[in-house]
1. Pull up the range 169-194, narrow it to residues that are touching a strand residue (DSSP E or B) at 6+ places or on another chain (Cβ under 8 Å) and either part of a helix (DSSP H, G or I) or free of Cβ contacts under 8 Å to residues at least 60 places away in the same chain (or both), then point me to the one that is most open to solvent (accessible area, probe 1.4 Å).
2. So residue 50 fits all but one of (1) over 14 Å from residue 133 (Cβ atoms); (2) at pLDDT 90 or above; (3) of a type in the set (Lys, Arg); what number is the exception?
3. If you take the residues of the range 212-269 that are open to solvent by 20 Å² or more (accessible area, probe 1.4 Å) and β-branched (Val, Ile, Thr), which of them is farthest from residue 187 (Cα to Cα)?
4. Condition (residue is modelled with pLDDT of 95 or more, within 24 Å of residue 162 (Cβ to Cβ) and either of a type in the set (Ser, Thr, Tyr) or assigned to a helix (DSSP H, G or I) (or both)) applied to the range 252-259: is it met by at least one residue?
5. Only one of these conditions is not met by residue 113: (1) in contact with a Leu (Cβ under 9 Å, 6 or more places away or on another chain); (2) in contact (Cβ under 8 Å) with a residue 12 or more places away in the chain; (3) among the small types (Gly, Ala, Ser). Which number is it?
6. In this structure, does residue 197 turn out to be closer than 22 Å to residue 255 by Cα and either modelled with pLDDT under 95 or open to solvent by 20 Å² or more (accessible area, probe 1.4 Å) (or both)?
7. Say we look at the range 157-196 and pick out the residues that are closer than 17 Å to residue 63 by Cα and of a type in the set (S, T, N, Q); which of these is farthest from the chain's Cα centre (by Cα)?
8. Can you pull out the residues in the range 53-64 that are over 15 Å from residue 134 (Cβ atoms) and of a type in the set (Gly, Ala, Ser)?
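The values are calculated or read from the model by the stated rules, or taken from the named source; none is laboratory data. All of these numbers come straight from a predicted model, not from anything done at the bench. Please note: Cβ atoms are built from the backbone with ideal geometry, for glycine as well, and neighbour counts cover all protein chains shown. Note: areas computed on protein heavy atoms with side chains; ligands, DNA, RNA excluded. Shrake-Rupley method; radii C 1.70, N 1.55, O 1.52, S 1.80 Å.
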Amino acid sequence: ITSLATGTTTVTATVDGKSATIDLEVKDSPTTLALLKDLLPFSKTSGTYRVSSDYGDALSDQHLANLLDSWAYFKRIYPTSVGDHTEIFITQEARLITDIASKLPECNQSVVSAQPSRVVLSCYDPVTGNNNWFVAPQTLPDFAIAQGEESQAFLLRAMSATSTLAKVPVEDWPWVMEGIAYAHESGTIGAGGASFTVAKPTPYLLSEYKKRAAANALKPLADLVALTSSQFTDVNDWGNHAQTAMLFVYIEKTRPGTIEELITELNGRTITSSAQVLTFLTGKLSTDATALDAAYKAFAATL
């Protein structure tokens, strides 16, 4: 393999007596966030919203439509938004994230998240005040950023202290913070953000749940709820994430609208503790914690 200089070069390859010629554009490794954002060729925009990819126009169009619907939905159920838009960059090359994006000044405060089905990095843009998401998915389409990561970002923003409202430490309740986000990631957001429905966890979460269930290692609900943030996350075991995803999917599927009602209570600071969340959820389902624990696991066994 011969190293190519930057610029446009014509490359001819011959295999089994057949030749093909292409014009290849070689660029320097981007040194700024702006240069990196322009690296992916298939870019679609709507106002300040943007999705770029190296897969093709169709995929960028599909993900932009989902991003717009997701933002419309979250702006409807939360009182504040995360900046004024989001940009998502989807690549086939995880090294673009791990070797380049993560080393840029705007991105080096973030941690590359190697999830079971994707590699993700969030980069803060000091010019716009918005986050830019870089993702290398294993399956397509992958709406986890627009629906899952943005769900969590909106929740954390809404739970921040304001001049009239105290902070709600939802980041200390990982079963709630992750459960809401995973339910949103797993579901379907209607056109214009008008609706949300969910039937089952997204495939990688369902797989992780079944893995833990097969090992007879499912945590009791009381133990799951009691986990701290540091206890909840284990890069080698996504079982806690999968269990809380299954729990919130079951709750929303069983009684549609429950998650939105919970968010309304959190927004108004009627609920300010993890224990109150559990009481609220069991009350809406007319059950208790022990029965809820058994019910969502029984639901999971049918999937």
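1. Our first condition is that a residue be touching a strand residue (DSSP E or B) at 6+ places or on another chain (Cβ under 8 Å); within the range 169-194, this holds for 184, 187-190.
Restricting the remaining residues to those that are either part of a helix (DSSP H, G or I) or free of Cβ contacts under 8 Å to residues at least 60 places away in the same chain (or both) gives 184, 188.
On the way: 184: 0, 188: 87 Å².
Among them, the one singled out is 188.
2. (1)
3. Here the residue is 228.
4. Initially, the range 252-259 is screened for residues modelled with pLDDT of 95 or more, giving 252-259.
Going one step further and asking which of them are within 24 Å of residue 162 (Cβ to Cβ), we end up with 259.
Pick out the ones that are also either of a type in the set (Ser, Thr, Tyr) or assigned to a helix (DSSP H, G or I) (or both) and you get 259.
Yes: one or more hits.
5. (2)
6. Working: closer than 22 Å to residue 255 by Cα: yes; either modelled with pLDDT under 95 or open to solvent by 20 Å² or more (accessible area, probe 1.4 Å) (or both): yes.
Here the answer is yes, as residue 197 does meet what is asked.
7. 188
8. Matches in the range 53-64: 56, 58.
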